[in-house]
Amino acid sequence: MAAQINPSILSADFARLADEAKAVEGADWLHVDVMDNHFVPNLTLGVPIVESLARATDTPLDCHLMIEAPDRWAPQYVEAGAGSVTFHVEAATAPVRLAREIRAKGARASMALRPATPIEPYEDLLPELDMLLIMTVEPGMTVEPGFGGQAFLDIMLPKIRRTRELIKKHGLELWLQVDGGVSASTIEQCADAGADVFVAGSAVYGASDPAEAVRALRTQADSATAKASWACDH
């Protein structure tokens, strides 16, 4: 599969979200971080904003729920217009049932892992998913005023490799997403390790031309993937 670039509106101007969505219309998905100030220490946006964004853009919405009780709230994001909904396994009560409910409502089901959460205990859940998200920063934590801006955790690269090996082991068409610190200087490492979906915030919205930044990141990821051993064996 060709690399997919998902700009994160967490790095966009919240007063101009419709315009910011249009600025990256060449992207594969628009990544929407939902934080509740409980599961993570930040508070962002909720269902009404997702509904508005879905009306304002033709780019499908990839909602990442960093919230408590995703079993209760995730289906509402599908109904609001999200094409993909990611829940954290650390917060979900019944992840298999939740993934099946998200799929039944017509969206792609994705499960996220915090940096300290290993993939191996969840190997049997992979067939229930359309995408797995590996956080390459600690979700919701900040290093500067506002949101986002953390440095990429390169110690996550072996975890990405192990996850790709499990996907191949089971012969799954499962997307592997990385989120956190993805930029021109890190995206090739992620692609080489096995990721094929990349969430980029400031690397896109901090650029003078966000659409060109998306294209450049995709080119880098595709080039690295073409040389990666996991893709050559696929």
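No value in this document is a laboratory result; all are computed from the given coordinates. Bear in mind that the values here come from a model prediction, so they are computed numbers and not experimental data. Backbone-built Cβ (ideal geometry, glycine too); neighbour counts: all protein chains shown.
Under 10 Å, Cα contacts only: if you run a Gaussian network model on the chain, which one of 202, 11, 185 comes out with the highest mean-square fluctuation? The residue that fluctuates most here is 185. Each residue in 136, 93, 59 was given a count of other beta-carbon atoms within 10 angstrom of its own, and listing them fewest first yields 93, 59, 136. Neighbour counts of C-beta atoms inside 10 Å place 105, 227 in the sequence 227, 105, starting with the fewest.
Could you work out the pair-distance distribution P(r) of segment 96-214 from its alpha-carbon pairs, with 5 angstrom bin width and percents rounded to whole numbers? Calculated P(r), rounded to whole percents: 2, 11, 21, 21, 18, 14, 9, 3, 0. Here, P(r) means the percent of Cα pairs in each 5 Å bin from 0 to the largest distance; for the chain it is 1, 7, 16, 20, 22, 18, 11, 4, 1, 0.
For a footprinting-style exposure proxy, rank 125, 61, 30 by other Cβ within 10 Å, fewest first. Provide the component values of the computation, followed by the final result.
Working: 125 15, 61 24, 30 27.
Fewest-to-most Cβ neighbours within 10 Å comes out as 125, 61, 30.
Assuming charge only on the beta carbon of Lys and Arg (+1) and of Asp and Glu (-1), the dipole of the chain about its Cα centre is about 360 debye to the nearest 20.
Counted residue by residue at 0.36 nm each, then reduced by the alpha carbon distance between them, the extension gain from residue 211 to residue 169 reaches 11.5 nm. Taking the chain as a Gaussian network of alpha-carbon nodes connected by springs under 10 Å, the highest mean-square fluctuation of the residues 49, 119, 167 belongs to 49.
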